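Just below is one structure, and these are the notes that go with it.
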C-alpha cells in the first residue's frame with residue numbers, strides 16, 4: 001500500500017493560520033508574516049489585528065510566508081465597523097509581487113451600515129476591477145470575508161454566502177495576505193491555504 005503525504009502549513013493554536021492571540025507586536029516581527037511592498041504597519045493589539053502606525057492612507061499589505069498552490073483561499077474576520085468612512089480591508093490571493101496578485105475588498109462607504117465588495121486583479125502592474133457587489137440591508141458584525149481562486153475563477157463570500165464571482169488573468173502560485181487602508185478595522189482570525 002502506498003502512503004500519500006500531503007503538506008499543509010501548521011495552523012495556529014486555534015486551528016487557523018493566525019488568531020492574533022498573543023502579546024502586542026508589529027506583524028512584521030512575526031516569523032509567519034512578511035511585508036507586501038507597501039508602507040504603513042499592521043500589528044497585534046489586544047489579541048486582534050489593527051493598524052499600529054503609518055499614515056492611514058497607506059495600504060498595509062502583509063503576506064503569509066507560505067507560497068500556496070494556484071488554487072487557494074484566504075479569509076479574515078471583521079469584528080467591528082471601521083473608524084473612518086472610506087475604510088478598506090483587502091484579502092490577497094496569488095500574490096507573486098507588487099505587480100501580480102488578486103485582491104478582494106470590503107469598503108465601508110460611510111459610518112452607518114453601507115458596505116461594498118469588490119474583486120480586483122493586478123496583472124503585469126495594471127489594476128482592474130473585475131467584479132463588484134453592493135448589498136441592500138444592514139451590515140452586522142462580526143463578518144467574515146473569504147476569497148477563493150480556482151483556475152481562472154475567483155469567488156468572494158460574506159459569512160459563507162457567495163456574493164461575487166469573477167474571471168482573472170492572474171495565473172500561478174502565490175502567497176495569501178491581508179491589508180487595510182483609510183481607517184482602522186478591528187480584524188481577527190486570518191486563515192487560508194490550498195484548495
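Structural remarks
- Fully extended contour minus Cα-Cα distance, from residue 45 to residue 150, at 0.36 nm per residue: 34.4 nm
- Theoretical gain in end-to-end length, residue 171 to residue 70 [0.36 nm per residue, Cα-Cα removed]: 35.7 nm
- Cα-only radius of gyration and Dmax that characterise segment 25-194, units Å: 14.6, 40
- Ellipsoid equivalent to segment 129-195 - semi-axes via the Cα gyration tensor, in Å: 22, 16, 12
Any read-out appearing in this document is the output of simple, stated calculations on the displayed coordinates, not a laboratory observation. Treat the numbers as computed from the prediction; the structure is a model and nothing was measured.
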